[in-house]
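This report concerns only the one structure given below.
Each value in this text was obtained by applying a stated rule to the coordinates, not by laboratory testing. Nothing here was measured: the structure is a model prediction, and the numbers come from that model. For neighbour counting, all protein chains shown are included, and Cβ atoms are generated from backbone atoms with ideal geometry for every residue, glycine included.
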Amino acid sequence: MVKTVFKNILQISIILIFNSFLAQQTSEKLPKNVVNDTISKKDTIVVKKESLEDILQTKADNIRRDFPKKMIYLNKKAQVKYQDMQIDADYISIDEQKSLMYARGKQDSLGKIIEPVITTQAGKKYETDEFQYNTKTKQAIAFNARTEESEGVIIAKKTKKYNDSVFAMKNALYTTDEYFIKKKDTAADYHMLASNIKLIKTKEKSQIITGPIQLYIERVPTPLIMPFAILPFSDKRSAGILIPSFGERQDVGFFLNGIGYYQPIGEHFDLKVLADIYTKGSWNLRPEMNYLKKYRYSGNFSADVGTMVRGIKGLDDYNKNSTYRIAWRHTQDTKANPFLTFSASVDIVSTKFYNNTLNNNYILNQNVLNTQQNSTVTITKRFLKLPITITGTTSYSQNFATGQADLRLPQMNVAINQFYLFKSKTGVRQGLLENITVNTGINLTNFVRTEEGELFKKEMWDKMETGLKNNIALSTNTTLAKYFTFTLGANVDNALTTKTVNKFYDPIANKDITETNKGITGYSTFSTTASIQTTLYGMMKFKKGAVVEALRHMMTPSIGFTYSPDFGGSGFGYYKNYYNATGALTPYSIFEGGIVGSPSSGLVGALGFNIGNNIEMKVKSKSDSTGVKKIKIFESLNLSGSYNFAANDHPWSIFTINGQSSFFNNKLNVNTSLSLDPYKIIYLPGQDTGGIRTEEFGHFSVQGFNVQLSYPLSSEIFGAKTDYAKKYKSKGEIRNENYYFDDDNYARFDQAWTLNVNANYAYTKTSGNRIPTRMASVGLDGSLKLTPFWNINGSTHYDMVTKELAYTRIGFSRDQRSFTINFNWVPFGQYKVYDFFIGIKANILSDALKYKDRSFTQPNSPF
């Protein structure tokens with residue numbers, strides 16, 4: 001027995017001496033930063049070449065070896081380093097025979113892991129409850145592994161590492177909640193749960209590929225389940241699913257709005273395909289392509305194509321309409337070519353598109369209130385050595401009320417830069433001759449007013465007319481008696497057109513006929529003006545001690561004389577007469593309703609006047625450092641009118657008054673206009689129309705009045721911002737926001753709010769109508785921050801004439817740290833709808849799970 005024990009001790013001693021000698025020889029060949037550990041605490045082991053490819057370094061508070069089983073056991077603060085991997089755990093075992101390492105986290109008395117295993121490899125840190133690694137195959141299995149990737153973290157019940165690039169996970173959740181990642185919170189505010197996840201890591205990019213995946217919010221499962229998901233971890237654009245909003249509309253039912261897919265195409269293009277789906281059968285498809293070339297141009301194409309279904313098939317209220325919208329935006333970078341620029345803003349829709357919109361965004365942003373849509377494509381050419389600018393434009397204007405559209409295809413304008421007619425003799429221009437300037441240009445237009453169904457058909461081309469206009473404007477000015485500015489001007493207009501009209505009475509049809517004649521016809525007109533202007537200042541000072549110290553008035557009066565011949569005379573041939581259906585002799589212009597307009601008729605020898613006013617006052621103010629504050633009573637108040645000496649009747653024109661001012665530190669803006677007819681208008685008893693304008697001067701009846709007010713209110717206006725740092729001593733953090741707490745431990749924060757108030761009143765009365773038209777409305781648009789995470793916003797308009805609420809929208813938004821919740825509601829009106837949306841804020845998911853648009857056209861784009 002003793003011999004056996006002694007023999008075993010001798011064998012162990014020889015092995016230890018040999019092992020120590022071998023380790024010492026190996027350490028001499030290692031780099032200087034590799035340090036050999038002592039037997040009791042630390043150790044460095046060299047295994048056969050076929051088992052390990054590098055040095056295996058270990059340390060722990062307690063190390064035990066089992067030589068017969070070829071096992072090493074590390075307890076308490078155990079650490080293993082092998083190649084680029086480091087494992088820190090409470091317990092580690094090494095099976096040299098099977099080339100396996102097993103690590104376990106620290107356990108409490110009940111066997112629950114309270115401190116994880118920390119595995120670091122290639123700069124990445126992984127946390128697991130248990131970890132097993134094969135040094136030969138480099139495969140690993142981990143339980144309850146926590147893996148941080150880019151902005152998010154993955155926690156899987158079981159993870160298998162096939163190699164350094166591929167990881168397979170079972171029952172895994174993924175979240176980008178910053179607080180959960182930093183372990184400031186034990187539960188993520190949201191996560192996505194999948195039964196199977198594959199993590200693929202390469203030098204270029206990393207991505208997660210999942211099977212069926214479900215979204216959880218505050219650990220509550222949502223109905224948002226996808227059959228698969230691809231989550232790329234890259235700063236570059238990448239493909240992904242577009243998450244929709246959902247809600248209900250009274251006319252078309254429940255919906256998913258904006259579900260689709262995003263796909264980048266090369267470095268300069270990307271494509272989104274969205275769909276709106278409704279339970280009552282309506283659908284809408286919305287493709288959109290964005291493009292960008294840095295320092296050159298950017299733009300996008302988009303379309304809406306769908307079918308609106310309302311009512312129940314077979315009943316009277318059932319109807320089905322097709323809608324479309326085609327849009328193109330193009331912007332050229334100003335640095336690309338200063339001499340040749342191109343831009344486009346095209347938006348063509350079906351006549352009833354907004355009345356049958358299937359994209360709820362048009363309801364929430366009030367596009368459904370549009371009555372007109374305009375499209376323009378413009379190209380401009382400038383020259384380095386020529387004073388000429390050539391602009392070519394194609395425009396398309398739709399009027400949804402009339403169903404008509406105006407098309408200009410194309411329109412070209414050649415403008416010659418302003419130049420002086422005479423050179424200056426001294427280098428400083430003086431007198432009327434040296435100050436004569438000339439402005440001229442040529443405008444060519446092809447114009448047609450057509451119906452939607454006639455666009456680009458024979459009916460449209462038959463209506464097309466071409467017009468050419470040239471304007472020559474000469475003007476000069478000089479100073480008289482130091483205080484007066486004298487101005488002279490002349491205008492010459494030349495026009496050519498391809499269509500004129502001929503009017504006559506048809507006794508057989510018993511109606512007036514307007515006949516269109518084709519052929520090139522033109523006219524020329526001219527007019528001259530002379531005006532004089534000055535500026536007057538007045539100051540009224542008040543007694544000392546008064547609140548109002550002074551009143552300042554600046555007046556800018558001007559008078560001018562305009563002369564223009566009577567181009568309605570028979571000698572010019574621009575106007576003709578015919579006897580209408582009532583037998584009255586009726587004059588008309590052969591250019592009436594044409595593209596180049598009609599020349600003026602009647603001799604004009606009018607003296608016009610304009611009086612501009614600016615009124616301010618100085619008041620005492622304790623808040624101002626100077627002790628005085630200026631208040632603008634009227635920033636501008638203008639009165640204008642004219643008297644035509646050549647007129648046979650009603651020589652006075654309509655008088656107009658326009659005013660603009662602002663009050664309360666320029667917060668309240670007021671714009672007003674008033675038009676007065678100086679002649680008395682009488683109406684026959686019992687009639688509301690057919691007023692007669694008499695020659696009786698001095699009555700000054702109101703023909704039009706308009707006033708617009710706007711006032712932006714906010715919480716800052718009604719009180720200074722509270723300095724919570726000085727007022728409250730206690731400070732803390734709740735859900736990513738800093739709070740100050742009062743003595744009763746209530747959180748204190750700013751409840752910022754804004755409220756924009758708009759009011760409009762309009763009064764219109766023409767000489768032919770006794771009953772005026774009135775329009776009055778009040779609009780509110782504002783937001784309120786209930787808490788640092790809750791925000792309410794909305795807008796409404798009240799029609800004070802009909803006493804009804806017009807378009808009204810209410811919106812709520814909730815900040816949930818790593819995602820937002822938005823709710824918008826239109827409670828009444830033609831488009832009653834509510835829309836609910838959840839969006840993840842993390843950039844890493846804004847492509848893969850895109851809750852908002854993100855493409856290279858945004859400022860943060862790397863392209």
Worksheet item: In what sequence do Asp750, Asp493, Asp743, Asp304 fall when counting other Cβ within 10 Å, fewest first?
Response: Asp743, Asp750, Asp493, Asp304
Worksheet entry | Sequence-distant residues sharing a close amide H with Ala229 (under 5 Å, placed H) | Thr210
Practice prompt. Search the structure for amide H atoms under 5 Å from the amide H of Gln83, placed 1.01 Å from N in the peptide plane, and list their residues when 5 or more places away or on another chain.
Written response: Ile55
Discussion item. Based on the alpha-carbon set only, what is the convex hull volume of segment 498-607 divided per residue, in Å³?
Written reply: 203
Worksheet item: Ranked highest first by average number of other Cβ atoms within 10 Å, how do 457-464, 539-546, 565-572 line up?
Response: 565-572, 457-464, 539-546
Item to complete: Between beta-carbons, use under 10 Å as the cut-off and find the net charge around Thr376, counting Lys and Arg +1, Asp and Glu -1.
Response: 0
Item to complete: Determine, for each peptide in 514-522, 675-683, 409-417, 96-104, the mean count of other beta carbons within 10 angstrom over its residues, then list the peptides with the highest first.
Response: 96-104, 675-683, 409-417, 514-522
Discussion item. Which of His330, His699 has the fewest other C-beta atoms within 10 Å, and how do the rest follow up to the most?
Written reply: His699, His330
Worksheet item: If you wrap a convex hull around the C-alpha atoms of segment 38-246 and split its volume per residue, what is the figure in Å³?
Response: 143
Fill in: Calculated Rg and Dmax of the chain using C-alpha coordinates, Å
41.4, 149
Worksheet item: Over what distance in Å are the Cα centres of segment 61-87 and segment 813-830 separated?
Response: 56
Fill in: Shape of segment 433-484, Cα gyration tensor, a/c cut at 1.5
prolate
Worksheet item: Share of Cα-Cα pairs in segment 314-429 beyond 18 Å, in percent?
Response: 67
Practice prompt. Step through the table entries Lys632/Lys785; Lys76/Lys182; Lys182/Lys205; Lys98/Lys157; Lys667/Lys785; Lys622/Lys729, compare each Cα-Cα distance with 28 Å, and write down the pairs that go over it.
Written response: Lys632/Lys785; Lys622/Lys729
Worksheet item: At what distance in angstrom do the alpha carbon centres of segment 489-556 and segment 207-281 lie from each other?
Response: 57
Worksheet item: Which peptide among 352-361, 171-180, 157-166 comes first, and what is the full order, when sorted by highest mean count of other Cβ atoms within 10 Å?
Response: 171-180, 352-361, 157-166
Practice prompt. Report the normalised scattering of segment 237-376 as log10 I(q)/I(0) at q = 0.13 Å⁻¹, calculated by the Debye formula with identical scatterers on the alpha carbons.
Written response: -0.67
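Taking only DSSP H segments of four or more residues, each worth -39500 (n - 2.57), what value at 222 nm results for the chain once the sum is divided by all its residues, to the nearest 500 deg cm²/dmol?
-1500 deg cm²/dmol
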Item to complete: For segment 542-557, take each phi angle, set θ = phi - 60°, evaluate the Karplus expression 6.51 cos²θ - 1.76 cosθ + 1.60, and give the result in whole Hz per residue in order, putting x for glycine and proline.
Response: 10, 5, 5, x, 6, 5, 8, 7, 7, 10, 10, 10, 10, 10, 10, x
Worksheet item: Does segment 385-522 classify as rounded, prolate or oblate by the C-alpha gyration tensor (a ≥ b ≥ c root eigenvalues; a/c under 1.5 gives rounded; else a/b over b/c gives prolate, otherwise oblate)?
Response: prolate
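Calculated FRET efficiency, Gln214 and Leu340, Cβ-Cβ r, R0 60 Å, to nearest 0.05?
Once rounded, the FRET efficiency stands at 0.65.
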Discussion item. Amide H of Ala646 versus every other amide H placed in the peptide plane: which residues, excluding those fewer than 5 positions away on the same chain, fall under 5 Å?
Written reply: Gly605
Discussion item. Using a Förster radius of 30 Å, what is the FRET efficiency between Asn745 and Lys184 based on their Cβ-Cβ separation? Nearest 0.05, please.
Written reply: 0.90
Fill in: Computed FRET value (nearest 0.05) for Thr402 with Thr437, which takes r as the C-beta separation and R₀ as 51 Å
0.80
Item to complete: Compute the acute angle (0 to 90°) between the alpha-carbon long axis of helix 2-27 and the principal axis of greatest extent of the alpha-carbon atoms of the chain; round to the nearest 10°.
Response: 40
Discussion item. With just the Cα atoms defining each centre, how far is segment 745-806 from segment 142-206? Give it in Å.
Written reply: 49
Worksheet item: Rounded if a/c is under 1.5, else prolate if a/b beats b/c, else oblate: with a ≥ b ≥ c from the C-alpha gyration tensor eigenvalues square-rooted, which is segment 87-190?
Response: oblate
